[in-house]
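Below you'll find the structure, written out as structure tokens, and then a few comments.
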Amino acid sequence: MSTNAAKLEWSALSQKALNGESLTVEEGLAVLEADNDEVLPLMQAAFQVRKHFYGKKVKLNMIINAKSGLCPEDCGYCSQSIVSTAPVQKYTLLDKDTLLAGAREAMARKAGTYCIVAAGKGPTEKELDQVVDAVKEIRDTMPLKICACLGILKDGQAERLAEAGVHRYNHNLNTSKANYPSITTTHTYDQRVETVEKVKTYGMSPCSGVIIGMGETNQEIVEMAFALRELDADSIPMNFLNAIPGTPLENAGRTPAMKALKVLALFRFICPSKEIRVAGGREVNLRTLQPLSLYAANSLFVGDYLTTAGQDISSDHLMIEDLGFEIELNAL
Ligand code: SF4
């Protein structure tokens, strides 16, 4: 396929996305299987969609690992799982002062959203009380949006978080339904979907994303994008596996940067108006091509991830400035 022909094809996909039409599975696969020479026209087409909904704005989110390690689940990618031998910090839920200090740090980094993330299958009532208490104070004293990621929620818990003022709840689908049992056996894909649905019921904004690079096929990546379209997730964190020694997926390798860009373009076409965030594994998978990711994505995590280091904040701010993009504060 000549470059001109490819340009036409990719712009037809952006037109479809802007018209609210869904891509076909074949079109989705064509994006993932595009020649690397077509990545720039592909990103340009994705940028047309991104620009329509978000202009050149970039939202920043910051995570705090509010409870680390000690998790009874067996997620194959996670260094905090019961089956991981990776050396990670282990601590119970951070106290309120530490959660508030994290929120102030998020503001200093120009992050509009502060994500409180706790390891575990789901929160105990005591942990929920602590999170609720901290969230109320952050809401009263800082102009931050708050996202909670505490695992599977039991009856009544989503309601309490919503009442406390949590804007958004994250619970990732992670991978395709078919691939799920090869990644995690201690809970199911359907339980994850149920929690996202519960969150929506109580008026919190649903955030749900994926981890690319866990043995899934291209067909399954397309299915994941359609599953999130179906779930109507407002925010989609796009993680690229950072294989951690000591985890079951330690030998999974990295996603080539060009492939990661194609995946981001695909999600922009299939979930055109949604916040697409380049999340964990950005630095190790996209490497020097990180800036190109923002032609499809409109959001980044800044600072460290749960158990791995991110790049320093000044590099992220410079990247956005060099692209001629601007940081968007206080958006959800
Ligand atoms: Fe536990 Fe969450 Fe890690 Fe799974 S991803 S092992 S539920 S901390």
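Among the DSSP beta bridges whose two residues both lie in the chain, what percent are antiparallel, rounded to the nearest 5? The answer is about 5 percent antiparallel. Taking the Cα centre of each part, how many Å lie between segment 52-90 and segment 231-283? Each part reduced to its Cα centre gives a spacing of 13 Å. Relative to the longest principal axis of the C-alpha atoms of the chain, give the angle of the C-alpha long axis of helix 125-141, reported between 0 and 90° and rounded to the nearest 10°. The two axes meet at around 70 degrees.
Tell me the per residue accessible area of the chain using a 1.4 Å probe; a whole number in Å² is fine.
Numbers: 13390 Å² over 332 residues.
Normalised by residue count, the accessible surface of the chain is 40 Å².
Whole-percent P(r), segment 1-83, all Cα pairs, 5 Å bins from 0: 3, 12, 16, 15, 10, 8, 10, 14, 9, 3, 1. Could you bin all the Cα-Cα distances of the chain into 10 Å bins starting at 0 and give me the percent of pairs in each, rounded to whole numbers? Distribution as computed: 6, 27, 37, 24, 6, 1, 0 percent.
Leaving out ligands, DNA and RNA, and with a 1.4 Å probe, what % of the accessible surface on segment 23-328 is carbon or sulfur? Could the numbers behind the result be given before it?
Details: 6040 of 11780 Å².
That share works out to 51 percent.
In segment 167-222, the alpha-carbon atoms span a convex hull of 76 Å³ per residue.
Remark: C-alpha extents of segment 233-332 on the principal axes read 38, 32, 24 Å, sorted largest to smallest.
Against the globular-protein guess of 2.2 N^0.38 Å, express the Cα radius of gyration of segment 27-157 as a ratio, rounded to two decimals.
Normalised by 2.2 N^0.38 Å, the Cα Rg of segment 27-157 equals 1.37.
Dividing the summed helix terms, -39500 (n - 2.57) for each DSSP H run of n ≥ 4, by the number of residues in the chain produces a 222 nm estimate of -12500 deg cm²/dmol to the nearest 500. Cysteine residues of the chain whose C-beta has no other cysteine C-beta under 4.7 angstrom: CYS71, CYS149, CYS207, CYS271.
Remark: segment 136-273 is approximated by an ellipsoid whose semi-axes, taken from the C-alpha gyration tensor as √(5λ), come to 28, 17, 15 Å, largest first.
The values are calculated or read from the model by the stated rules, or taken from the named source; none is laboratory data. This is a predicted model, so every value here is computed, not measured. All Cβ positions, even for glycine, are placed from backbone atoms using ideal geometry, and neighbour counts span all protein chains on display. Ligands, DNA and RNA are excluded from the accessible area calculation, which covers all protein heavy atoms including side chains. Shrake-Rupley method; radii C 1.70, N 1.55, O 1.52, S 1.80 Å.
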